[in-house]
Amino acid sequence: MKAVKAFRKAGWSVARYKKNHIIMEKAGSIVTLSVPKHKELKRGTLRDLVKDSGLTVEEFVDLL
């Protein structure tokens, strides 16, 4: 789950686990991220998560 690790580096924390998703939140943000528990995320899903997190694609790649 490289995406979860990258979001953690960006200040997001795991709020809870659901059956097939990891719910992440960040202090001071009203947005939550719902990251699917898959080995690989689809390109569009990952792009939307990065956009919702407030990061740019370049910033996210640097965190990986």
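Any read-out appearing in this document is the output of simple, stated calculations on the displayed coordinates, not a laboratory observation. Quick caveat: nothing in here was measured; it's all calculated off a predicted structure. Quick reminder, even Gly has a Cβ in these numbers, built from the backbone with ideal geometry, and neighbours come from all protein chains shown.
Given the choices (1) 55, 21, 6; (2) 30, 29, 17; (3) 32, 22, 19, Cα extents along the principal axes in Å derived from the coordinates of this structure is entry (2). Of all lysines in the structure, those lying under 16 Å Cα to Cα from Lys5, and not within fewer than 8 positions of it along the same chain, are Lys26, Lys37, Lys39. Between Val14, Val50, Val31, where does the largest GNM mean-square fluctuation fall for the chain, given springs only between Cα atoms within less than 10 Å? Comparing Val14, Val50, Val31 in a Gaussian network model of the chain, the most mobile one is Val31. Note on the chain: with charges restricted to the Cβ of Lys and Arg (+1) and Asp and Glu (-1), its dipole about the Cα centre is near 400 debye. As a length-normalised measure over Cα pairs under 8 Å and 6 or more apart, the relative contact order of the chain settles at 30 percent.
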